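Scroll down for the structure; my scribbles are underneath it.
Read-outs: derived from the displayed coordinates by stated rules, not from any lab. From a predicted model like this one, the values you see are computed outputs, not experimental measurements. Here Cβ is always computed from backbone atoms with ideal geometry, including for glycine, and neighbour counts include all displayed protein chains.
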Amino acid sequence: MIYWDLEDRKKLITLLKDLPELGTERSRLQTLELAGLKQLTPMIDLSGTSFVSVSEIISYLSQYGRLTHEHEALGLLLNTLKGFMGVQQQEFLNKLLTKYDMMTPIAATPNIGQWQGRETTVEVLEKIIGENTLRPIAFLQQGLEVSRSVAYIAVQSSYDRWSGTGFLVAEDLLLTNNHVLPSSNLLQSSIFRFNYEDDFGGRAKPTDEYYAKSNGVFYTNPELDYTLVQLDGNPGQRWGYLSLLPRNIKCGERVNIIQHPAGRPKEISFQNNFVEYVGGDVVQYITSTLNGSSGSPVFNDGWEVVGLHHAGGNIPEPTTQQRYFRNEGILTEKILLDLPPKIGKILP
């Protein structure tokens, strides 16, 4: 249960009541489901004006309390809503998440809007129907296998904390975004948590935590938005690692993303997942992600890493400067070319 300061609660209602994502009964339902709160929606009255409905949602989720040891129900909603807000609004929600210990805020990223690309709904449906989507059942087995290498990252500075995603590329080397882990000064207070996921019945699995190796490898590039960090304890011996090699990816192909969206337990997006653009340093796609997915591996249909997910929203194509609502990853080959030779040599 959350015991609110009256002024904080008032400011939160004022902020949320004007969000389009909470403007109608249908959109409220969809947003709660997106936040992983589907099981609670039958108990919440989502009708009425935005002010009344938002007040009801906040009251119910505040009183409901924690879904897990680390997640207040309201924290899951606020972490998800950050993806539809500007920087100042995100900072306000981060303060609430931390002040009331609702959950670890996700790393701040550019706004992620719903996809509104060039193709109409009809064209997308035709593409899905017209393509052979049959896969051998081993496709799912391999997806589970590669998912073991994906980790939840919790970062804490002297004045703030946030979370993101990362994945092992060697027994002791993990790749994530620069905006998730921008400085080696943060390593001492960072946790890398593997197997942070639920089973099919919704029960939490046992997790395994690691820390950065003292005086280990740390290399980051803000322009390509990636960080490579060495972990203590060789977690790859237990959880495996993903080969980082140059891979070709083309428009119209599919990409699958294993991630920790909104700081939640591990999830996968592998439907409506077409590549829309490849050029410059990036690959752009309509595969679903949320804030918190930053640092996730972008896989082709052969479960090979083709990119490092890092952003989404109304983003430009580097070579045309035309803007579309998409998600975006840094191409694996660009990261490999940028790595210093001494680091590149220690990759498998």
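Extension gain for residue 184-residue 68 works out to 38.7 nm (0.36 nm per residue, less the C-alpha to C-alpha distance).
All Cα-Cα separations within the chain were binned at 10 Å from zero, giving a P(r) of 5, 25, 33, 25, 10, 1, 0, each value a whole percent of the pairs. The distance from the alpha carbon centre of segment 279-330 to that of segment 144-162 is 19 Å, rounded to a whole number.
The residues 55, 47, 27, when put in order of fewest to most other Cβ atoms within 10 Å, stand as 47, 27, 55. For a label point 7 angstrom out from the Cα of residue 99 toward its Cβ, which stretches of segment 15-41 have the backbone nitrogen within less than 16 Å? From segment 15-41, the list is 15-16.
Across segment 155-302, the relative contact order, built from alpha-carbon pairs under 8 Å that are at least six residues apart, equals 26 percent. Springs join every pair of Cα atoms under 10 Å in this Gaussian network model of the chain, and among 180, 52, 229 the largest mean-square fluctuation is at 52. Overall form of segment 6-99: rounded. Here a/c, set by the Cα gyration tensor axes a ≥ b ≥ c, is under 1.5. Compared with the dominant Cα axis of the chain, that is its longest principal axis, helix 25-34 is turned about 40°.
Please state the relative contact order of the chain as a whole percent: Cα pairs under 8 Å, 6+ residues apart? 15 percent. Would you mind getting me the FRET efficiency between residue 323 and residue 248? Use the beta-carbon distance for r and R0 = 25 Å, nearest 0.05. With a Förster radius of 25 Å, E is 0.45. Our note on the geometry: Cα centres of segment 1-28 and segment 30-68, 10 Å apart. Under 17 Å from a label point 7 Å along Cα→Cβ of residue 89: give me every residue in segment 286-321 with its amide N that close. Answer for this model: 290-292, 312-314. Each residue of segment 67-77 was assigned a 3J(HN,Hα) from its phi angle through the Karplus curve 6.51 cos²θ - 1.76 cosθ + 1.60 (θ = phi - 60°); the sequence is 7, 9, 4, 9, 10, 6, 4, 5, x, 4, 5 Hz, with glycine and proline shown as x.
Under the simplified labelling scheme, the residue 39-residue 314 pair shows an inter-label distance of 3.8 nm, with each label point 7 Å from Cα along Cα→Cβ.
Each residue of segment 175-188 is assigned a 3J(HN,Hα), and the resulting list reads 10, 8, 8, 4, 6, 8, 9, x, 9, 5, 5, 8, 5, 5 Hz, derived from the Karplus form 6.51 cos²θ - 1.76 cosθ + 1.60 (θ = phi - 60°), x at Gly and Pro.
Which order do 135, 326 fall in if you start with the one that has the fewest other Cβ atoms within 10 Å?
Final ranking by Cβ density, sparse to dense: 135, 326.
Cβ crowding within 10 Å ranks 29, 242, 78 as 29, 242, 78, fewest other Cβ atoms first.
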